[in-house]
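First the structure, in the form of structure tokens, and then the observations on it.
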Protein chains: 4
Amino acid sequence: MRKQPSQARSRATVDAIIQAGARILADRGWAGFTTNGVADVAGVSIGSLYQYFPDKLSLVEAIRRHHFDEVLAVMRGTRKGERSLSQQVEALVQGMIEAHSVNADLHRVLLDEVPGHDGSSRRAHDAFLAEYQDHYKAFVASYGNSDGSSNAEIVAQLLSGAVEGVIHSAARKGILSSPELKQELILMICAYLRRPDF
Amino acid sequence: MRKQPSQARSRATVDAIIQAGARILADRGWAGFTTNGVADVAGVSIGSLYQYFPDKLSLVEAIRRHHFDEVLAVMRGTRKGERSLSQQVEALVQGMIEAHSVNADLHRVLLDEVPGHDGSSRRAHDAFLAEYQDHYKAFVASYGNSDGSSNAEIVAQLLSGAVEGVIHSAARKGILSSPELKQELILMICAYLRRPDF
Amino acid sequence: MRKQPSQARSRATVDAIIQAGARILADRGWAGFTTNGVADVAGVSIGSLYQYFPDKLSLVEAIRRHHFDEVLAVMRGTRKGERSLSQQVEALVQGMIEAHSVNADLHRVLLDEVPGHDGSSRRAHDAFLAEYQDHYKAFVASYGNSDGSSNAEIVAQLLSGAVEGVIHSAARKGILSSPELKQELILMICAYLRRPDF
Amino acid sequence: MRKQPSQARSRATVDAIIQAGARILADRGWAGFTTNGVADVAGVSIGSLYQYFPDKLSLVEAIRRHHFDEVLAVMRGTRKGERSLSQQVEALVQGMIEAHSVNADLHRVLLDEVPGHDGSSRRAHDAFLAEYQDHYKAFVASYGNSDGSSNAEIVAQLLSGAVEGVIHSAARKGILSSPELKQELILMICAYLRRPDF
DNA sequence: GATGAATGAGGATTCATTCAT
DNA sequence: GATGAATGAATCCTCATTCAT
């Protein structure tokens with residue numbers, strides 16, 4: 001950011017810009033994301049936008065940080081310490097569904113469309129992905145079986161990919177809230193983690 | 001398309017344009033995809049491009065159709081009629097991996113970046129997704145268990161989402177060819193399909 | 001330049017752009033030199049301008065090359081081989097006045113206002129200045145006195161600065177064509193070159 | 001100026017703004033001279049700047065007046081009353097070099113880059129140039145030869161142009177302090193003023 | 001049919017200036 | 001008096017598309 005907003009008024013402006021930017025990114029995608037459009041929707045002048053964000057990318061970075069914080073907050077809020085495996089899995093799946101329900105369109109655009117995060121922005125993005133993966137690794141670890149832990153990485157990768165994919169495609173079809181799908185996903189994960197040769 | 005290429009030369013021109021477009025889309029993404037750029041790489045004039053494609057979207061549609069045809073051809077080529085469940089699953093997974101290896105970058109851009117398919121293009125895209133899902137439905141059906149068939153739809157949805165997600169995230173990390181991941185994915189699907197309460 | 005104009009029409013366009021640019025630069029200075037303004041005056045669209053010049057600086061470079069070529073052509077046209085010193089000096093002074101009469105405003109703006117010529121443009125500019133100085137060095141050398149030639153450099157520097165300055169300030173006052181001033185300038189140079197201790 | 005600074009604090013503010021403006025003008029040229037930038041460097045708010053200067057041009061005028069005052073002060077300080085011609089000429093040249101050494105970059109920018117002095121600013125600028133020329137006229141007059149005094153004007157014009165030009169070009173080449181060049185310049189002027197036919 | 005010159009709406013960004021606090 | 005948030009006209013540049021040759 002170019003300038004720290006010190007007065008209340010400017011903080012409100014910055015917030016309005018970020019909200020409007022998130023809205024436009026979610027609704028129109030990266031190609032439809034124009035700084036003039038953001039300023040318009042935010043109800044501020046284009047000059048005000050550039051007073052706080054040196055360029056388009058730094059704005060999208062701010063939006064990204066904002067969104068990731070929310071998503072991570074939801075994920076961290078997932079209740080822990082369940083007894084049975086299926087309860088643990090249900091908590092995980094439920095948490096991811098909720099996390100994905102936080103502005104799912106924005107999430108997709110941020111991950112898929114927004115181009116080259118270079119430099120400092122890369123770190124923020126990687127930090128998010130790292131914590132994201134850690135969520136799965138922690139889960140796999142907590143399941144605590146005694147086999148070669150070298151597998152944990154792969155298993156976490158598999159689980160995150162599968163859960164992500166199922167939720168993603170369900171979101172696209174508008175059936176994210178389907179209880180049957182959720183139930184089947186839970187069953188699949190449980191079956192996988194319980195398989196005899198694990 | 002504006003015009004059907006009737007002569008051999010015209011067909012060669014159209015092919016060159018589609019190839020060049022696919023190349024650019026894969027290499028530079030949707031944001032780097034310009035009609036002038038495509039014409040340049042194709043070695044034809046911008047006027048010729050517009051002789052065959054009325055606008056940018058119709059060009060990207062042609063590219064999409066072209067690519068989806070290839071992908072479906074690979075998927076259809078997956079060997080069928082295996083005996084054991086795990087052999088069938090392995091065939092499925094292997095087929096999907098191969099399908100995703102057909103110009104994976106182009107695939108990702110077409111699915112993630114290229115914006116709103118409206119009108120006729122929508123149909124083509126949906127037809128692809130339908131056949132894609134049918135592949136899974138056929139697989140689930142062929143596993144042929146006798147329980148409530150109302151579940152088949154959900155199970156296909158789950159499987160396609162999970163497989164897609166795992167392959168997608170692996171592709172992003174450049175580990176699409178990891179045998180361990182593939183093995184775990186097969187294990188997960190087998191475990192799921194074999195679960196006692198199915 | 002971004003593109004070589006191959007057809008006659010495009011060559012005319014490029015010429016019109018360069019002429020208009022030179023005009024605007026001379027009339028309004030670097031600060032008043034806008035690409036849209038140039039396109040307007042040239043009677044072409046802004047798009048055409050950018051078809052041939054990748055950016056504002058490359059346009060100003062083309063203008064510079066064009067102008068320097070003209071100036072050097074005039075300087076080279078100065079008749080050589082005079083007998084007496086004062087005839088030689090008169091030829092020199094006359095040549096410089098004529099060279100400076102070639103779009104004097106443009107000359108001033110190009111030398112004084114146009115910012116940082118980096119890279120390849122630098123070379124063109126330096127080449128001009130070098131030939132410019134060479135003109136003086138050749139003159140000093142041709143005067144052929146036998147004293148330490150290590151002075152030739154300094155003398156050339158002095159002469160070019162003095163002649164340039166006189167012509168420059170005369171141009172500003174609109175008295176470039178004053179015969180008296182020219183005569184005095186010739187006298188000064190002759191007196192200097194004839195001084196006893198030279 | 002919009003307002004006369006009456007209190008000490010105000011005067012300090014105005015001074016800071018002028019200093020900062022001169023600094024920026026010298027360092028970054030006219031193109032890099034922005035009111036917000038000046039306010040920043042001066043350590044005052046942009047609002048304060050506009051409290052004292054109604055617009056950008058009035059600020060640059062103040063800077064110009066300030067600088068010209070300094071230069072004239074240096075020129076006036078040149079010691080007078082030397083005996084021999086060459087001593088007088090040396091004093092003149094030395095004075096001009098010193099005057100040009102007072103913030104040479106700022107001087108160049110003010111003379112070459114800053115655009116159109118209209119209205120009241122024109123007067124200030126002309127007053128400076130007049131006094132500048134007067135310096136030379138006084139010098140020519142003091143040399144007091146008895147020939148047609150109608151020449152004095154021309155001779156002053158020639159001398160100021162030549163001295164200015166030599167110093168200017170030397171400054172550009174970074175050899176303003178070269179004693180040889182200075183010596184040659186003095187020689188040239190002496191030779192000119194001593195020429196038999198004067 | 002093919003060419004490529006020309007077009008101009010649209011989008012990112014700057015900066016002089018105003019005005020509420 | 002001072003502050004700095006807000007403004008928006010102006011500028012550079014891109015790229016989809018048209019059309020004369």
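For the reader, a short list of remarks on this structure follows.
- Tensor-based shape of the protein assembly as shown (alpha-carbon gyration tensor, a/c under 1.5 rounded, otherwise prolate or oblate): prolate
- Inter-copy label distances for C:Ser86: 2.5, 11.3, 11.8 nm (label point placed 7 Å from Cα along Cα→Cβ; shortest first).
- Label geometry 7 Å along the beta-carbon vector: B:Ser101 inter-copy distances in nm: 4.0, 7.6, 7.8
- Note on segment A:17-52 and segment D:166-198: Cα centroid distance 62 Å, given to the nearest whole angstrom.
- Cα pair distances exceeding 21 angstrom across segment B:64-194, given as percent: 42
- Using a cutoff of 8 angstrom between alpha carbon atoms and counting only pairs six or more residues apart, the relative contact order for chain A works out to 20 percent.
- Partner shielding of C:180-187 amounts to 4, given as the average count of beta-carbon atoms from other chains within 10 Å of each residue beta-carbon.
- Cα-based shape type of segment B:1-121, given that a ≥ b ≥ c are square roots of the gyration tensor eigenvalues and the cut on a/c is 1.5: prolate
- Simple Cβ-charge dipole of segment C:1-54, Lys/Arg +1 and Asp/Glu -1, about Cα centre, in debye nearest 20: 180
- Signed unit charges on C-beta, dipole axis of segment A:62-194, positive-most listed residue A:His125, A:His66, A:Thr78: A:Thr78
- Unit charges on C-beta of K, R, D, E only; dipole of the protein assembly as shown, Debye: 520
- Which listed pairs, of C:Lys173/D:Lys56; A:Lys80/A:Lys182; A:Lys56/B:Lys182, have C-alpha distances above 29 Å, in listed order: A:Lys56/B:Lys182
- Total charge dipole magnitude, segment C:1-99, about the Cα centre, Cβ charges on Lys, Arg, Asp, Glu only, Debye to nearest 20: 280
- Relative to the longest principal axis of the Cα atoms of chain A, the long axis of helix A:56-76 makes an angle of roughly 30 degrees.
- By Cβ position, the chain C residue that hugs the axis carrying C onto D most closely, with its distance in whole Å, is C:Gly165, 1.
- Helix-only [θ]222 nm of the protein assembly as shown, DSSP H runs n ≥ 4, -39500 (n - 2.57) each, per residue, nearest 500: -24000 deg cm²/dmol
- Inter-copy label distances for B:Glu131: 4.4, 6.6, 8.8 nm (label point placed 7 Å from Cα along Cα→Cβ; shortest first).
- Mean separation of Cα contacts under 8 Å (6+ apart) over length of segment A:1-54, as relative contact order %: 48
- Anisotropy class assigned to segment A:1-54 is prolate, per the alpha carbon gyration tensor with a/c at or over the 1.5 cut-off and a/b larger than b/c.
- For segment C:54-108, the alpha carbon positions stretch 51, 18, 11 Å along the principal axes, listed from largest to smallest.
- Shielding by partners, peptide D:151-162 (average Cβ within 10 angstrom, other chains): 6
Every read-out reported here was derived from the displayed coordinates using simple, explicitly stated rules and does not represent laboratory data. Not measured: the values here are computed from a predicted model. Here Cβ is always computed from backbone atoms with ideal geometry, including for glycine, and neighbour counts include all displayed protein chains.
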